[in-house]
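Read through the structure below, which is laid out as structure tokens, and then see the notes.
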Amino acid sequence: MAQPTVTDIRAYVLRGGGADYHDQQGTHWIDDHIATPMSRYPEYRESRRSFGLNVLGTLVVVVEASDGSTGFAVTTGGEPAAWIVERHLSRFVLGAPVTALERIWDQMYSATLFYGRKGLVLNAISGVDLALWDLLGAVRQEPVHEMIGGAVRDEQRFYATGARPDLAVRMGFLGGKLPLHHGPAEGAEGLAANLALLADMRAAAGPDAWLAYDCWMSLDTDYALRLARGAAEHGLRWIEEPLPPDDYWGYQKLRKALPPGTLLTTGEHEATRWGFRMLAEMGCADILQPDVGWCGGLSELLRITAIADAHGLLVVPHGSSVYSYHFAVTRHNSPFSEFLMMAPAADEVVPMFHPQLLDEPVPTDGRLSVSTLDKPGFGVRLDPGLPLHRPYPR
């Protein structure tokens, strides 16, 4: 029986929150003096928006099939990614059977090798791939998690990322991951402040709560080791992405030197099976954290998790809401997930990609039932009232 084919693909952009969750206005914990690679410059230390973390905005990819079905996905990338989708990637999608996900992915990746491989181009490829999975689910009237093998558990547990792990624990989360506020350029005083905040959060969250530090590529090996050693007495569960993502050798060295019981995690800004193969084979991390909207989409995430599983590593995707939930519930090496606390004060559970997605599920008491994902595709709708802009129509 002939499969429907893809008849249209469109790329839109949006500003403000949602998939580009750093694009916030006003006071928000996610933009409050957080250590970054730019923290060595005092003028860019107080706010990540000051150096342009929110310049891209959200990319929305919409695909349509010959039977009238539609699919969509949101990720980051904004206008540059929209251009790539419309003017380059579209040729590999239009006219293809809705089931041709492997061929489409390979053609998109191979055709962009000369200017892609990682970063913005992989964001664009990820957006297209996720939209095609959503479309296939609509055609088959089947949730994505069923199409990739089915759930291996009835519910998914979560930890929370935000400024208040103590509140997260009270909401039922396993614990919390704090943003690191002070980097090497702020010296011994900054390091002491980082450790003091962790001590306060341990006292407030209790002895059994998970506590971790998200370092967002801001440290060097020496500082990361001093931070981890000082944090060990406060039961730090892991130190996340302390080094630049391409410093595989630094991660390898750091992991060997960490205090017993402290894990090293990274991968949020890594892409493709080849990048994660480097992390796995060089022993760079205990937990890999690909973002399904950045690493190459769901098709590539499935390849990445196979590499991780073969090396005995956990895969706990970075944020990404329903796009990672459908994946995680099907994998034994993804036993828990991250939830980004997008309330400005991290004091309540709100949908991560609000206001862009409708019907977006959120954890209750730190848990998400697989039954809440039992809708076609990824199970969410794009808010029809959004001010979508298509900057590069074909």
Odd one out for residue 362 among (1) surrounded by fewer than 16 Cβ atoms within 10 Å (Cβ to Cβ); (2) in contact with a Phe, Trp or Tyr (Cβ under 9 Å, 6 or more places away or on another chain); (3) touching a residue at least 60 places away in the same chain (Cβ under 8 Å): (3)
Failed item in (1) in the same structural domain as residue 328 (by TED's automatic domain parsing); (2) surrounded by 14 or more Cβ atoms within 10 Å (Cβ to Cβ); (3) not charged (D, E, K, R), with residue 380 passing the rest: (1)
Region 191-209: number of residues that are buried (at least 16 other Cβ atoms within 10 Å of the Cβ) and touching a His at 6+ places or on another chain (Cβ under 9 Å): 7
Residue within region 168-181 that is within 26 Å of the chain's Cα centre (by Cα), of a type in the set (D, E, K, R) and assigned by TED's automatic domain parsing to the domain that holds residue 324 present: yes
Residue match in region 106-114 (condition: under 24 Å from the mean Cα position of the chain (by Cα), assigned to a helix (DSSP H, G or I) and over 18 Å from residue 303 (Cα atoms)): no
Candidate set from region 315-324 (those that are among the hydrophobic types (A, V, I, L, M, F, W, C) and touching an Asp or Glu at 6+ places or on another chain (Cβ under 7 Å)); member that is nearest to residue 123 (Cα to Cα): 322
From the options 337, 324, residue that is part of a helix (DSSP H, G or I), touching a residue at least 24 places away in the same chain (Cβ under 8 Å) and either buried (at least 17 other Cβ atoms within 10 Å of the Cβ) or touching a Phe, Trp or Tyr at 6+ places or on another chain (Cβ under 6 Å) (or both): 324
Residue match in region 210-229 (condition: crowded, with 19+ Cβ neighbours inside 10 Å, more than 20 Å from the chain's Cα centre (by Cα), closer than 30 Å to residue 323 by Cα and among the hydrophobic types (A, V, I, L, M, F, W, C)): yes
Any chance residue 101 is closer than 21 Å to residue 393 by Cβ and surrounded by fewer than 22 Cβ atoms within 10 Å (Cβ to Cβ): no
Flag if residue 241 is touching an Asp or Glu at 6+ places or on another chain (Cβ under 7 Å), surrounded by 19 or more Cβ atoms within 10 Å (Cβ to Cβ) and assigned by TED's automatic domain parsing to the domain that holds residue 205: yes
Filter result for residue 273 (basic (Lys, Arg) and out of contact with any helix residue (DSSP H, G or I) (no Cβ under 7 Å at 6 or more places or on another chain)): no
Test: residue in region 75-85 that is closer than 27 Å to residue 354 by Cα, assigned to a loop (DSSP other than H, G, I, E, B) and either in contact (Cβ under 8 Å) with a residue 60 or more places away in the chain or polar (S, T, N, Q) (or both): no
Search result, residues across region 266-294 that are surrounded by fewer than 24 Cβ atoms within 10 Å (Cβ to Cβ), in contact with a strand residue (DSSP E or B) (Cβ under 6 Å, 6 or more places away or on another chain) and not in a loop (DSSP other than H, G, I, E, B): 287
Qualifying position, being surrounded by fewer than 21 Cβ atoms within 10 Å (Cβ to Cβ) and either outside the structural domain of residue 83 (by TED's automatic domain parsing) or at pLDDT below 95 (or both), among 385, 297: 385
Lone qualifier among 72, 114 - being among the aromatic types (Phe, Trp, Tyr) and either surrounded by 23 or more Cβ atoms within 10 Å (Cβ to Cβ) or assigned by TED's automatic domain parsing to the domain that holds residue 271 (or both): 72
Condition met for residue 106 (in contact with a strand residue (DSSP E or B) (Cβ under 9 Å, 6 or more places away or on another chain), at negative phi and acidic (Asp, Glu)): no
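The values are calculated or read from the model by the stated rules, or taken from the named source; none is laboratory data. What you see is a predicted model; the values in this text were computed from it and never measured. Cβ coordinates were reconstructed from backbone atoms using ideal geometry, including for glycine residues, and neighbour counts include every protein chain displayed.
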